[in-house]
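Just so it is clear, none of the values below were taken in a lab; they were calculated from the coordinates. None of these values were measured; they are calculated from a predicted model. Methodologically, a virtual Cβ is constructed for each residue, glycine included, from the backbone with ideal geometry; neighbour enumeration extends over all protein chains shown.
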Amino acid sequence: MARLHFQSEAELYAHKAWETLKLELPVDLGLVASRLGIEVHEREFIDDIDGLYMRLPGAPPIIAINTSYTKPLSRRRFTLAHEIGHHLLGVRVSPGSRLLFFDTSKTSRTMMERACDHFAVLLLMPEALIRHHYTELSYNAEQRTGIMAERFGVSAWAMRRRLRELSLPVKNWRRA
Ligand SMILES: [Zn+2]
């Protein structure tokens, strides 16, 4: 597929991951991380922390994900995708030097953090696949968002947001 222009590096990396790893839904984030040589550690931290990314010279990069019961699986997946974003986007920012990103609910929304979120959204919910499944489920608009959230391995909240971003109408969840 010859695409000459990418909106951002985040888009480029997400696209590359899908192309080179022949990904399927829901995206196998463990595979993406391992192909990039990243060690992923899952453990319980204090609630504030979602995850972190650490790179030290001469050692494999590390991602740690908080497995606290307050972090549902879909949230952990989004955090892991976000941390992989830190790895990819950090390569060019400061090659060879130390990198540490701590992600908490209070992490300030810098350009880097927004780009990592953007990467996570594109990696987990590529536009073409979203449109495909959205159309495929048009007979079931009531439950479409929930079914899609399950298929893509994201929260219903993240899916609604993605659908709105792509101007795809979302049914109001309020029941009469
Ligand atoms: Zn971050």
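When a/c is below 1.5 the answer is rounded, else prolate if a/b is larger than b/c, else oblate, so apply that to segment 126-176 with a ≥ b ≥ c taken from the square roots of the Cα gyration tensor eigenvalues. Cα axes put segment 126-176 in the rounded bin. Rounded to the nearest 20 debye, the dipole size of the chain about its Cα centre is 440 debye, using +1 on the Cβ of Lys and Arg and -1 on the Cβ of Asp and Glu.
Structural descriptor for segment 126-176: relative contact order 28 percent, calculated from alpha carbon pairs under 8 angstrom and at least 6 residues apart. Computed over the chain, relative contact order equals 23 percent, with contacts defined as Cα pairs under 8 Å that lie 6+ residues apart. Only helices enter the 222 nm calculation for the chain: every DSSP H run of n ≥ 4 contributes -39,500 (n - 2.57), and dividing by all residues gives -15000 deg cm²/dmol, rounded to 500.
Computed from the C-beta positions of S167 and T70, the FRET efficiency with R₀ = 35 Å rounds to 0.60. Per Stokes-Einstein, at 4 °C and 1.567 mPa s, what whole-number D in µm² s⁻¹ belongs to the chain, with the Kirkwood radius over Cα pairs as the hydrodynamic radius? Using the Kirkwood radius from Cα pairs, D works out to 76 µm²/s.
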